[in-house]
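Peer 1: Please read through the structure below; I'll follow up with questions.
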Amino acid sequence: MESHMEGRSKILKKDQVRPGMFVRKYGVGTFDDPLVTVNRIIASSEDIAKYIPDETEEVEIVVTGYGFECVETSGEQRTAEQAANDLAEALPEARRIHRESLRYVRRFMDDVRAGRIVDPGDAEPVVGAVIDNVSGNSSAALTLSFLKRFDEYTYTHCINVQLFAILLGMAMGLEGDELRRLGVSALFHDVGKGKVPLSVLNKPGRLTDDEFRVMKNHSMLGLKMLSQVRGVNNDILRGVVEHHERFDGKGYPQGISGDEIHVFGRIIAVADVYDALTSVRVYKKAMTPSQALANMYKWNGTDFDPECMRKFIAIVGIYPPGSMVQLSDRRYAIVLETNHHAPDKPKVKVLFDKRVQPVLSECIDLAAESYKGLKVVSQPDPTDLGVDLKLLSGFLV
């Protein structure tokens, strides 16, 4: 049975379906009302209308094993204004750490291309700073990763994969030295690409079979390079060489499967694909987070460890901090923080009117009773609206 059919399900009336739910299928299985498979995240009200016909009575959603099920939370929730203030305070430090990480990645990739030996042990202070930063305010780090997805892909990809891997590792219960080793492994996961010809690495289009064979060799090249460094932990090496292995055994370079793949490899695989899908490349547009997660969930259990995927979706959410959303009153806002008890109702900061003109900002918790009639209706790509992502974070401080 395919993994996207796993997990406990629940039958709802169509009018009970909300963005953030994973719809498995609709219909009751009769001749007049046949079962129709959907198997996708509902990211907006438009998706409900698009994928579920008006005459539908019953819809089956996944409520466990997925990550978007609503859970009860105890204690007071922070207000949207508090979330905005905390994010504004945390962003400068997140930017500083991002700049330091970028300098480090540029340096070690330049060393690789020049034939010099790189020592992953040198990355430990960089990784430690990232762990401390995300432990203090993960929303700031996630916001920066989203807003930097246009910059120097080769370098920012390493940084973002490290961030996502660390967050997922924390959710998987890793801590201390093990978490730091995961961060180092994620930062160096593509080190072998420093030996791939730039004509292949930066080709703006589909690779030929021969070029793809060259590209696929980067995992083994990375292992070979780092194995030359004395004292590199074996867990780090396995994360580097196994991040393109797939849960069903159809990955490379060894074709191993399931728990044969080191947990670092399984974690980095999820982080690697998510950042690749949500980043702009020469030959493709970026997917929105909801589009990326919908695609990745279809590969759950084939490409990805289901437990890693479930926890990753819960961490990042369909509306991650830093992403843009349009509200039902047609205004545009940037997400400040995910409400884990109501994943379709994040805390946001309104920035633009329906014509994408700046308006007096307003911080809103869409889960609050006072905003009951307001909801997210879509997750647009800011560049399609003419919004410069490099300037967007300035609206948060």
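Peer 1: Residues that are over 20 Å from the mean Cα position of the chain (by Cα), under 29 Å from residue 171 (Cα atoms) and buried (at least 16 other Cβ atoms within 10 Å of the Cβ): does region 336-347 have at least one?
Peer 2: Taking every residue of region 336-347 in turn, none turns out to be over 20 Å from the mean Cα position of the chain (by Cα), under 29 Å from residue 171 (Cα atoms) and buried (at least 16 other Cβ atoms within 10 Å of the Cβ).
Peer 1: Residue by residue through region 74-115, note down the ones that are surrounded by 13 or more Cβ atoms within 10 Å (Cβ to Cβ) and outside any helix (DSSP H, G or I).
Peer 2: Within region 74-115, 77, 78, 79 meet the criteria.
Peer 1: Are there any helices (runs of 4 or more DSSP H) wholly within region 149-211 with 1 or more residues that are within 21 Å of residue 287 (Cα to Cα), among the hydroxyl-bearing types (Ser, Thr, Tyr) and touching a residue at least 12 places away in the same chain (Cβ under 8 Å), and if so which?
Peer 2: Fully inside region 149-211 and qualifying: 153-171.
Peer 1: Further question on the same structure: Please list, ordered by first then second residue, the pairs with beta carbon atoms under 6 Å, 6 or more apart or interchain, first in region 363-375 and part of a strand (DSSP E or B), second surrounded by 15 or more Cβ atoms within 10 Å (Cβ to Cβ) and not aromatic (Phe, Trp, Tyr).
Peer 2: 363/80; 363/81; 363/84; 363/349; 364/80; 364/348; 365/80; 365/347
Peer 1: Can you find even one residue in region 15-32 that is at pLDDT below 70 and in contact with a helix residue (DSSP H, G or I) (Cβ under 8 Å, 6 or more places away or on another chain)?
Peer 2: Scanning region 15-32, I find at least one residue that is at pLDDT below 70 and in contact with a helix residue (DSSP H, G or I) (Cβ under 8 Å, 6 or more places away or on another chain), so the answer is yes.
Peer 1: Filter region 276-301 for residues that are in contact with an Asp or Glu (Cβ under 9 Å, 6 or more places away or on another chain), part of a loop (DSSP other than H, G, I, E, B), on the phi < 0 side of the Ramachandran plot and open to solvent by less than 50 Å² (accessible area, probe 1.4 Å) and give the result.
Peer 2: Of everything in region 276-301, those that are in contact with an Asp or Glu (Cβ under 9 Å, 6 or more places away or on another chain), part of a loop (DSSP other than H, G, I, E, B), on the phi < 0 side of the Ramachandran plot and open to solvent by less than 50 Å² (accessible area, probe 1.4 Å) turn out to be 286, 288.
Peer 1: Hey, another quick one. Answer yes if at least one residue in region 315-327 is open to solvent by less than 50 Å² (accessible area, probe 1.4 Å) and more than 21 Å from residue 275 (Cα to Cα), and no otherwise.
Peer 2: Within region 315-327, one or more residues are open to solvent by less than 50 Å² (accessible area, probe 1.4 Å) and more than 21 Å from residue 275 (Cα to Cα).
Peer 1: Within region 116-130, how many residues turn out to be open to solvent by less than 20 Å² (accessible area, probe 1.4 Å) and of a type in the set (A, V, I, L, M, F, W, C)?
Peer 2: Qualifying residue count for the region: 4.
Peer 1: Looking at residue 362 and the list (1) open to solvent by less than 30 Å² (accessible area, probe 1.4 Å); (2) among the charged types (D, E, K, R); (3) closer than 18 Å to residue 87 by Cα, which single condition is not satisfied?
Peer 2: (1)
Peer 1: So how many residues does region 227-269 have that are surrounded by fewer than 23 Cβ atoms within 10 Å (Cβ to Cβ) and in a helix (DSSP H, G or I)?
Peer 2: 9
Peer 1: Further question on the same structure: Collect the residues in region 301-344 that are in contact with a strand residue (DSSP E or B) (Cβ under 9 Å, 6 or more places away or on another chain), touching a residue at least 60 places away in the same chain (Cβ under 8 Å) and among the basic types (Lys, Arg), keeping them in residue-number order.
Peer 2: 310
Peer 1: May I pose another question? If you check residue 352 against the conditions, is it closer than 24 Å to residue 21 by Cα and open to solvent by less than 20 Å² (accessible area, probe 1.4 Å)?
Peer 2: no
Peer 1: What do you reckon, is residue 171 open to solvent by less than 60 Å² (accessible area, probe 1.4 Å), at pLDDT 95 or above and not hydroxyl-bearing (Ser, Thr, Tyr)?
Peer 2: No, not satisfied.
The values are calculated or read from the model by the stated rules, or taken from the named source; none is laboratory data. Because the structure is a prediction, the values reported are computed rather than measured. Note that each Cβ is placed from the backbone with ideal geometry, even for glycine, and that neighbours are counted across all protein chains shown. In case anyone asks, the SASA skips ligands and DNA or RNA and just uses the protein heavy atoms, side chains included. Shrake-Rupley method; radii C 1.70, N 1.55, O 1.52, S 1.80 Å.
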